[in-house]
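Single-structure report; data block below.
Derivation of every value follows stated rules applied to the coordinates shown; laboratory data play no part. None of these values were measured; they are calculated from a predicted model. Note that we place each Cβ from the backbone using ideal geometry, even for glycine, and neighbour counts take in every protein chain shown.
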Amino acid sequence: MSLVNEKYIRPVEKSGTLLINEMMQEKVRKGEPVIRFGFGQSPFPQMARAIEALKQNAFQKTYEPVQGLPALRERVSSFHKAAENLDVPASRILIADGSKNLLFTSMEAMTKADILIPAPAWVSYAPQAKILGHNAIPVITTAAGRWRVTPEAMEKALAKKADKNVPSMLILNHPGNPEGLGYTAAEQRALTEVFRKHNVIVVSDEIYGLLNHKGEHHPLALEYPEGTITTGGLSKWFGAGGWRLGVALLPEALDGAFKQTMLGIASETYSCAAAPIQYAACEAYIWDQATKDYLAHQRRILAQSGTWMAERLQKSGIGAEKPEGAFYLFLDFSKHAEAFRRQGITGSQQLCEMLMRETGVALLYGDVFGMPKEHLCARLAYVDFDGTKALQASEQAGLQKPLDENFHQQHLANNVRGTEEICRWVEKKSMSAAA
Ligand SMILES: Cc1ncc(COP(=O)(O)O)c(C=O)c1O
């Protein structure tokens with residue numbers, strides 16, 4: 001007899017990221033070359049001053065306040081004001097062990113909710129909504145519409161609500177994982193009209209905001225301050241995913257029962273982010289020249305690589321928008337769908353498995369981002385390079401002149417090679433289908 005009857009076990013599947021990773025590990029074991037475009041982890045190192053602060057604070061051992069260290073909340077508040085003109089006082093800032101937990105807690109604060117999730121969107125939103133028993137409503141976007149959520153798509157999704165009284169929460173990620181695109185101020189204003197009309201809470205996942213390649217991220221809270229929860233943290237712009245430090249900036253309207261409930265849940269589950277990490281984070285959240293330069297170098301390396309790759313892929317008839325931020329491209333193979341079909345490839349998981357098997361290039365298939373299985377699409381994370389060396393070389397070159405071709409060939413070689421492999425593979429498949 002099993003200890004727990006399976007019907008009482010929640011149907012939460014293992015993340016789709018694991019399958020391709022397991023195939024990749026197998027190749028590595030056999031000594032075969034692989035290109036790691038599957039995992040979305042920042043390749044860049046943290047700033048030295050925060051690493052030093054972490055060392056100095058290793059002795060910190062007390063439980064910190066559930067909401068986060070007051071000094072850190074002050075720093076986060078001033079930082080976002082200086083960097084992005086966001087005006088959120090420390091009293092409305094929550095610190096946790098990663099923004100993923102804050103996203104979950106913000107959904108968990110409601111007993112019942114309709115969670116609107118764009119398709120495609122980051123892998124964890126829909127499973128989180130499902131674990132909580134909330135109703136997840138997809139907001140459909142299109143390749144032709146650059147995967148942007150439009151007011152019309154929002155209206156369509158909201159029309160699917162069974163009960164207008166149940167709160168609506170949209171999770172909007174920009175720059176986005178998986179597509180690397182942002183929303184202009186005008187696009188945000190148009191969406192805000194729909195948000196206001198339907199009283200939508202928006203969790204604006206801006207974990208990649210500071211990695212807008214031009215430093216021109218436009219936070220949604222500037223347009224919709226009354227209804228936006230902004231989330232962020234150290235995982236991406238600071239290259240410290242494993243430090244587990246996330247932040248949430250709440251709107252004034254949620255500074256009552258909603259915030260207290262989030263804090264109540266935090267106190268009954270994770271208690272607080274690790275104390276030494278919070279002290280170290282105080283040295284990350286400083287908007288000075290060193291931080292600005294650190295970001296400027298990362299941005300131009302990502303912009304150079306991502307733009308080159310998108311252009312190269314487009315030449316082979318693979319849909320890929322030139323990225324505006326983060327380190328992702330969302331590839332659309334629809335133009336080759338007929339050729340793939342004749343080769344027996346009818347779904348994106350199958351496509352990614354075959355690509356991995358035949359070329360060693362890892363991509364993450366579209367289904368895990370909420371796309372229909374038969375839509376041939378996949379996410380490419382262009383992070384297969386040594387971020388420490390690339391950052392050092394960029395710093396040595398200085399910000400006055402652009403990075404040259406030499407830098408590209410030397411420091412971004414796997415990104416180049418992997419792109420060429422994908423293009424060659426797609427062209428070969430198309431040609432054999434035609435033959
Ligand atoms: C869009 C998006 N949101 C949130 C997260 C999670 O961030 P954190 O490390 O702060 O939990 C990630 C991490 O990959 C992400 O890509």
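In this Cβ point-charge picture (+1 for Lys and Arg, -1 for Asp and Glu), the stretch 1-129 has a dipole of about 240 debye about its Cα centre. When +1 charges are put on Lys and Arg Cβ atoms and -1 charges on Asp and Glu Cβ atoms, the dipole computed for the stretch 49-286 relative to its Cα centre reaches about 300 debye. Taking every DSSP beta bridge with both residues inside the chain, roughly what % is antiparallel (nearest 5)? So the antiparallel bridges amount to about 45 percent of the total. Counting only aspartates and glutamates at least 8 places from Lys55 when in the same chain, those with an alpha carbon closer than 16 Å to its own are Glu283.
Using 0.36 nm per residue and subtracting the Cα-Cα separation, the extra length available between Asp255 and Asp288 on full extension is 8.9 nm. Along the stretch 361-368 the Karplus relation, 6.51 cos²θ - 1.76 cosθ + 1.60 evaluated at θ = phi - 60°, assigns HN-Hα couplings of 8, 9, 10, 10, 6, x, 4, 5 Hz to successive residues, with x for each Gly and Pro.
A simple packing score, the average count of other Cβ atoms within 10 Å per residue, orders the peptides 395-408, 48-61, 69-82, 355-368 as 355-368, 69-82, 48-61, 395-408, with the highest score first. Each of Leu222, Gly264, Ile140 was scored by the projection of its Cα onto the charge dipole of the chain, and the greatest displacement toward the positive side belongs to Ile140; charges sit on the C-beta of Lys, Arg, Asp and Glu. Over the C-alpha trace of the chain, radius of gyration and Dmax come out as 21.8, 69 angstrom.
Listed by chain and number, the aspartates and glutamates whose alpha-carbon sits under 16 Å from that of Lys322, ignoring those within fewer than 8 places in the same chain, are Glu179, Glu216, Glu311, Asp332. The simple spin-label model puts a point 7 Å past each Cα toward its Cβ; for Asn199 and Leu399 those points are separated by 4.5 nm. Near Thr192, once Lys and Arg are set to +1 and Asp and Glu to -1 for all other residues with Cβ below 11 Å from its Cβ, the sum equals -1. Annotation: peptides 23-30, 320-327, 100-107, 370-377, ranked by per-residue average of other Cβ atoms within 10 Å with the highest first, follow the order 320-327, 100-107, 370-377, 23-30. Candidates Ala90, Gly370, Gln67 compared by Cα position along the dipole of the chain: farthest toward the positive end lies Gly370, with charges placed on Cβ. For the stretch 182-339, the Cβ-based charge dipole about the Cα centre amounts to some 400 debye (Lys, Arg positive; Asp, Glu negative; other atoms uncharged). Determine the sum of side-chain charges near Ser316: Lys and Arg each +1, Asp and Glu each -1, restricted to other residues whose C-beta is under 9 angstrom from that of Ser316. Neighbour charge sum, excluding Ser316 itself: +2. Listed by chain and number, the lysines whose alpha-carbon sits under 16 Å from that of Lys100, ignoring those within fewer than 8 places in the same chain, are Lys130, Lys236. Taking the three principal axes of the alpha carbon atoms in the stretch 49-286, the coordinate ranges are 53, 39, 28 Å, sorted in descending order.
Pairs spanning more than 32 Å between alpha-carbon atoms, out of Lys7/Lys259; Lys389/Lys428; Lys160/Lys259: Lys7/Lys259; Lys389/Lys428.
With the charge dipole of the chain set up from +1 on Lys and Arg Cβ and -1 on Asp and Glu Cβ about the Cα centre, the Cα lying farthest toward the positive end among the listed residues Val123, Asn57, Leu181 is that of Val123. Here each label is just a point 7 Å from Cα along the line to Cβ, and for Ala159 and Ala337 those points are 2.3 nm apart. Shape call for the stretch 38-87 from the C-alpha gyration tensor, a ≥ b ≥ c root eigenvalues: rounded (a/c under 1.5), prolate (a/b greater than b/c) or oblate? In terms of gyration-tensor shape, oblate. Potential lengthening of the chain between Tyr270 and Glu374 amounts to 33.6 nm, from the contour at 0.36 nm per residue minus the alpha-carbon distance. Approximating the spin labels as points 7 Å out from Cα along Cα→Cβ, the Glu32-to-Val12 distance works out to 3.3 nm.
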